[in-house]
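Scroll down for the structure; my scribbles are underneath it.
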Amino acid sequence: MCIRDRSVIYPGSFDPLTNGHINIIKRASKSFDKVVVAVAVNSSKSSIMNIDQRVKVIKKIFKNNNKIVVDKFEGLLVKYANQKKIKTILRGMRTVQDFEYELQMATSNNKLDSTIETIFMVADANFAHISSSLIKDIIKLGGSAKEFIPGAVESELKKILDKRK
Ligand code: COA
């Protein structure tokens, strides 16, 4: 399969976007014509940043890369993929713990729509230990998450948390 002339959807909650996500997005933009970073309204997770705050900060980070498009979606991912006419979903795989969850999601999505394929990119070892929850904890507890998230994301998160105090 030639993937060089294709688009891909990279979905996630991105609450917040981390350097691990950025690494996957940038690498994917070298193999695909277009990477749609699709920010999910995820009803099963309680979020710190609302959907528009997440979209805004991700757009800011990729504003100089015209191969990366940032969008939001609600409801089934396969429906969204069909609306966008993109048949490939990209997910990052950090550790073996991710595998079971990703296998379930990829299989379910393929059962919901057999024209949709999920592909995986192995996370860079430098970022394999990062998760959005971990970062939120660090910031809530007054630590610096500089190493794990871009400055724009850190300041946005701090602003949101300060307002809640
Ligand atoms: N680097 C750093 N962290 C990463 C990462 C990477 N490369 N890849 C994943 N993560 C982390 C995230 O930070 C997140 O951490 P958290 O659990 O502490 O918040 C965790 O791994 C998983 O998050 P994410 O990749 O954003 O996925 P998700 O599980 O939040 O979202 C959706 C999954 C949105 C894609 C999925 O729920 C979905 O498709 N929803 C739409 C509804 C639907 O179609 N449901 C049926 C699906 S079968």
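The values are calculated or read from the model by the stated rules, or taken from the named source; none is laboratory data. Everything numeric here is computed off the predicted structure, so don't read it as measured data. We place every Cβ from the backbone using ideal geometry, glycine too, and count neighbours over all the protein chains shown. Please note that ligands, DNA and RNA were not included when accessible areas were found on the heavy atoms of the full protein model with its side chains. Shrake-Rupley method; radii C 1.70, N 1.55, O 1.52, S 1.80 Å.
Scan the stretch 107-127 residue by residue and report those that are under 19 Å from residue 27 (Cβ atoms), among the aliphatic types (A, V, I, L, M) and either touching a residue at least 60 places away in the same chain (Cβ under 8 Å) or touching a strand residue (DSSP E or B) at 6+ places or on another chain (Cβ under 8 Å) (or both). I'd like the intermediate steps shown before the answer.
Going through the stretch 107-127, the residues under 19 Å from residue 27 (Cβ atoms) turn out to be 117-127.
Remaining after also requiring among the aliphatic types (A, V, I, L, M): 119, 121-123, 125.
Passing the criteria: 119, 121, 122, 123.
Quick one: in the stretch 63-97, which of the residues that are away from the ligand (no atom under 14 Å from the Cβ) and farther than 22 Å from residue 53 by Cα is farthest from the chain's Cα centre (by Cα)?
Among residues in the stretch 63-97 that are away from the ligand (no atom under 14 Å from the Cβ) and farther than 22 Å from residue 53 by Cα, the one farthest from the chain's Cα centre (by Cα) is 85.
Look through the stretch 114-133, keep the residues that are within 22 Å of residue 34 (Cα to Cα) and crowded, with 17+ Cβ neighbours inside 10 Å, and return whichever of them is nearest to the ligand (Cβ to nearest atom).
123
Per-residue answers, yes or no, for (1) at pLDDT below 95; (2) in contact with a helix residue (DSSP H, G or I) (Cβ under 8 Å, 6 or more places away or on another chain); (3) exposed (fewer than 15 other Cβ atoms within 10 Å of the Cβ):
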{"site": "5", "(1), (2), (3)": "yes, no, yes"}
{"site": "8", "(1), (2), (3)": "no, yes, no"}
{"site": "13", "(1), (2), (3)": "no, yes, no"}
{"site": "33", "(1), (2), (3)": "no, no, yes"}
{"site": "77", "(1), (2), (3)": "no, yes, no"}
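Could you say which residue among 159, 111, 146 is open to solvent by 30 Å² or more (accessible area, probe 1.4 Å) and closer than 17 Å to residue 15 by Cβ?
159
Restricting to helices (runs of 4 or more DSSP H) lying wholly in the stretch 1-92: which have 3 or more residues that are touching a residue at least 24 places away in the same chain (Cβ under 8 Å) and closer than 18 Å to residue 154 by Cβ? If you could, list the steps in order and put the result at the bottom.
Working: elements: 19-31, 51-61, 77-84.
Output list reads 19-31, 51-61.
Could you figure out which of (1) of a type outside the set (S, T, N, Q); (2) open to solvent by less than 70 Å² (accessible area, probe 1.4 Å); (3) near the ligand (Cβ under 8 Å from one of its atoms); (4) under 21 Å from residue 127 (Cβ atoms) isn't true of residue 54?
The failed condition is (3).
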